[in-house]
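Written below as C-alpha cells is the structure these notes are about.
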Amino acid sequence: MNFRVILNKGTSILRNNSISTPNIDAELLLSKLIKKSREKILLNLDEKINSQQERLYFDLINRRKKKEPISYILGKKYFWKYEFKVNKNVLTPRVETELLVEEVLKINKNSNNLYILDIGLGSGCILISILKEKKNWKGTGIDISKLAIKTAKTNAKIQQVYNRIKFINTDVDKLYYNKYDLIISNPPYINKIEYNNLDLGVKNYEPKKALYGGLDGLNIIEKIIDKSRFILKIRGLLALEIGLGQYYRVNQLLKNNNFHIVKIIHDYQNIKRCLLATKIK
C-alpha cells in the first residue's frame with residue numbers, strides 16, 4: 001500500500017468519526033510512524049509501506065478516532081516558539097495560553113532579573129517559554145503531580161533552562177516562602193456543568209486535576225489569589241488565565257485582596273481569557 005492510499009483510508013476513518021482535522025492528523029500519524037516529514041510524504045505519495053507499518057499506522061488511527069488528543073499520540077505539542085513533550089499526565093498546551101506569555105513579556109519588556117512563580121506547572125510550557133525569552137530571569141514551578149513535574153523537567157532540559165528553574169511538587173496552600181516579582185498561572189477553572197459537557201477527547205484523556213476547578217470553577221483561582229497576597233512583592237504582577245463568565249467574580253476577588261487589574265486580555269473568540277493585576281499593598 002502506498003502513501004496516497006493509506007492516507008486516504010486513514011483520513012476517511014477519522015472523518016467518519018467526527019475528527020475535526022482528519023487530513024492533517026492522518027498525515028501527522030504517518031509522519032510519526034515512518035519518521036519522515038509531512039512534506040516528504042506529500043511529495044512521494046507513490047512510495048510504499050510494508051504490512052507491519054500498515055498495521056501500526058491503523059493502530060494509531062484507531063487511537064485518534066477514539067478522540068485521544070493528537071498531541072498525546074505524537075508525544076509533543078508546539079507552544080509559543082518551541083516544541084514540548086506532552087503526555088497524559090499534563091494538560092495539552094492551548095494556543096489561548098500563548099496570550100498570557102505574550103502579555104507578560106510585553107508588560108515586563110524592560111525588566112531584568114525577575115523571579116517568577118508558575119502555579120500549576122504542567123508541561124512547563126508557560127514558564128519555560130518565558131525564560132527562553134528572558135535570559136536573566138529565574139523561576140519556580142509548582143505542581144501537585146509528581147509526573148507533571150517529571151515532564152516539565154524533561155522539557156526544561158531540552159530547552160536548556162533547567163538550571164534556572166526550581167521544581168517543587170506541592171500544592172499552592174503549602175507555599176510559604178519567597179517573595180516573587182511575578183506569579184503566573186493557567187489554573188483549573190472549568191466548573192461542574194462545563195466539565196460534565198466537555199468534549200470526550202478532553203474529558204476522557206486529559207488530567208481532571210488540570211481542568212476541574214470545582215462547582216463554580218473558582219476553587220483554585222481563589223487559593224492562588226489569596227496566597228499571592230503573601231508571596232508576591234508589592235507592585236508585583238499576578239497573571240491568570242480564567243474561564244468563560246468568570247471575569248466579574250475574579251475581579252472582585254482581586255479587589256478584596258488588594259490587587260488592581262492593569263490588563264484584560266481577550267482570546268480569539270473575544271472572551272475575557274487572561275487578567276494581569278498588580279499588588280497595590
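The values are calculated or read from the model by the stated rules, or taken from the named source; none is laboratory data. Given the structure is predicted, the values throughout are model-derived calculations rather than measurements. Glycine also receives a Cβ, built like all others from the backbone with ideal geometry; neighbour counts cover every protein chain displayed.
One table, with the values for the structure above:
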read-out: Options N191, N178, N155: the member that is farther than 23 Å from N87 by Cα, within 19 Å of the chain's Cα centre (by Cα) and in contact (Cβ under 8 Å) with a residue 12 or more places away in the chain; value: N191
read-out: Hits in the range 5-29 - residues which are part of a helix (DSSP H, G or I) and either among the hydrophobic types (A, V, I, L, M, F, W, C) or at pLDDT below 95 (or both); value: V5, I6, L7, I13, L14, I24, A26, L28, L29
read-out: Neighbours by Cβ (under 6 Å, 6+ apart or cross-chain): first from the range 1-14, surrounded by 21 or more Cβ atoms within 10 Å (Cβ to Cβ); second not in a helix (DSSP H, G or I); value: F3/L45; F3/E47
read-out: For G75: the one exception among (1) surrounded by 13 or more Cβ atoms within 10 Å (Cβ to Cβ); (2) modelled with pLDDT of 95 or more; (3) within 30 Å of V161 (Cβ to Cβ); value: (1)
read-out: Within the range 203-281, strands (runs of 3 or more DSSP E) holding 1 or more residues that are of a type in the set (V, I, T) and surrounded by 15 or more Cβ atoms within 10 Å (Cβ to Cβ); value: 259-266, 272-279
read-out: Qualifying residue in the range 191-201 (condition: within 21 Å of G124 (Cα to Cα), modelled with pLDDT of 95 or more and surrounded by 12 or more Cβ atoms within 10 Å (Cβ to Cβ)); value: no
read-out: Residues satisfying the stated conditions in the range 151-161, i.e. surrounded by 17 or more Cβ atoms within 10 Å (Cβ to Cβ) and part of a helix (DSSP H, G or I); value: T151, A152, N155, A156
read-out: Selection count, the range 62-108, where residues are on the phi < 0 side of the Ramachandran plot and assigned to a loop (DSSP other than H, G, I, E, B); value: 16
read-out: Qualifying residue in the range 25-36 (condition: surrounded by 11 or more Cβ atoms within 10 Å (Cβ to Cβ) and over 18 Å from G75 (Cβ atoms)); value: no
read-out: Unmet criterion (only one of (1) under 26 Å from A148 (Cβ atoms); (2) of a type in the set (A, V, I, L, M, F, W, C); (3) modelled with pLDDT under 95) for I234; value: (1)
read-out: Residue in the range 127-137 that is of a type in the set (S, T, N, Q), assigned by TED's automatic domain parsing to the domain that holds P188 and part of a helix (DSSP H, G or I) present; value: yes
